[in-house]
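Shown next, in structure tokens, is the structure this report addresses.
Every read-out reported here was derived from the displayed coordinates using simple, explicitly stated rules and does not represent laboratory data. Keep in mind the model is a prediction, meaning the values are calculated, not measured. Positions of Cβ are backbone-derived with ideal geometry, glycine not excepted, and every protein chain shown enters the neighbour counts.
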Amino acid sequence: MLRVVDRLDIAILVDNVTDNLSSVPSFVETELSSHWKRGMRLLSGKCLCCAAHGLSCLITAHAKGSRHTLLFDTGPEEWVFERNITRLGVDLAMVDAMLLSHGHWDHAGAMPRALQMISQLNGGRDVLTYMHPGMFRTRALKGPDGSIRLMEDVPSVAELTQNGAKVICTTEPQVVLDGSFFISGEIPRRTSFERGFPGQHRRTEDGQGWEPDELLMDERFLAVNVSGKGLIVFSACSHAGVVNVLHHARECFPETPIHAVLGGFHLSGSTETVIPETVEGLREFELKVIAAAHCTGWRAVAALAAAFGQAVVPASVGKRYTF
């Protein structure tokens with residue numbers, strides 16, 4: 001059973017965007033403001049995080065005197081992850097578990113280094129690491145001319161284990177860390193306009209050929225139920241479609257309102273065409289916060305802001321949210 005937590009803290013460790021100048025609501029703190037509070041004496045590029053194509057969030061749930069922290073994705077590669085962790089002053093010793101949202105390099109590339117850093121600080125304890133078996137297939141994009149462009153593989157179970165992970169690999173939904181976090185199972189596809197990742201293919205089981213893989217069925221969402229607010233839903237890329245994600249979240253918890261959705265909505269590139277349908281599809285959820293991140297794209301952010309006003313709070317690296 002998913003418990004109700006008293007407070008949820010979120011730190012954006014990796015994102016495509018850096019933004020220390022735009023105004024933010026009271027529950028959001030910018031990277032620069034956080035540095036200032038921690039005693040920054042010199043305003044310099046040497047203290048700032050690096051933006052990169054990817055996403056990583058550190059999520060901490062507080063309930064009845066207990067605290068549980070989950071690392072949601074790690075971004076594209078170790079240099080960015082390690083630099084940003086250091087500059088944000090994040091204590092990775094408190095990480096209880098790690099979740100990979102789906103099998104793409106821009107969310108998984110820093111996983112081995114993240115595990116090393118956590119293990120070095122937690123006394124060498126294994127880190128619970130939640131995966132889906134479909135994440136490990138080699139993937140590629142197929143161009144209009146039929147050419148194949150390979151994607152970097154997700155680290156294998158063996159590599160993750162070697163670096164300190166205790167891998168839990170399943171297609172089923174799970175409630176983890178003393179009931180504080182819900183990890184979804186595979187997300188049903190119900191809308192007509194959210195069709196996945198156009199052009200993506202994966203290796204066939206025998207490793208000899210390629211097959212279409214546009215639906216990305218290994219993608220999951222994460223949810224936390226915050227007292228007085230409702231569900232905070234994390235959708236790292238929304239290849240399933242953010243409207244599909246929210247429909248499934250509501251199906252899983254029909255008695256709990258959805259307060260916020262945070263993550264990439266993948267409404268850029270070839271999926272920009274479904275921005276209008278996505279905006280309309282989101283209206284029925286009456287979201288209080290839409291924290292658009294990573295692969296959402298500026299056209300989609302603009303459309304969301306026009307439709308939902310101050311509920312839209314674009315994410316950027318270094319930002320901290322408190323619910």
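Structure values in brief
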quantity	calculated
Residues ARG7, ARG87, sorted so that the one with the fewest Cβ neighbours within 10 Å comes first	ARG7, ARG87
Global geometry of the stretch 267-323, whether rounded, prolate or oblate, following the gyration tensor of its Cα atoms and the 1.5 cut on a/c	oblate
Nitroxide proxy distance, nm - points 7 Å out along Cα→Cβ at ARG190 and GLN116	4.4 nm
DSSP beta bridge pairing in the stretch 30-111, given as percent antiparallel to the nearest 5	70 percent
Euclidean distance between Cα centres, the stretch 1-53 to the stretch 295-323, Å	14 Å
DSSP bridge pairs, the chain: antiparallel proportion in percent, nearest 5	60 percent
Phi to ³J(HN,Hα) by Karplus 6.51 cos²θ - 1.76 cosθ + 1.60 over the stretch 202-213, Hz, x for Gly, Pro	9, 4, 5, 4, 7, x, 9, x, 10, 9, x, 9
Residue order, fewest to most surrounding Cβ atoms within 10 angstrom, among TRP36, TRP105	TRP36, TRP105
More than 16 angstrom apart: percent of Cα pairs within the stretch 66-182	61 percent
Net charge of neighbours whose Cβ lies under 12 Å from the Cβ of GLY264, counting Lys and Arg as +1 and Asp and Glu as -1	-4
Per-pair calculated FRET efficiency, R0 = 30 Å: SER227 and SER23 via Cβ, rounded to 0.05	0.65
Which labelled figure in (i) 64, 45, 42; (ii) 55, 47, 43; (iii) 86, 57, 45 is Cα extents along the principal axes in Å, once derived from the coordinates	(ii)
Mean separation of Cα contacts under 8 Å (6+ apart) over length of the chain, as relative contact order %	20 percent
Selection from CYS169, TYR130, PRO25 lying farthest towards where the dipole of the chain points positive, charges on Cβ	PRO25
The chain - mean residue ellipticity at 222 nm from DSSP helices (-39,500 (n - 2.57) per run, n ≥ 4, rounded to 500)	-6000 deg cm²/dmol
J(HN,Hα) series, the stretch 134-142, from Karplus relation 6.51 cos²θ - 1.76 cosθ + 1.60, nearest Hz, glycine and proline x	x, 6, 8, 6, 5, 10, 7, 9, 9
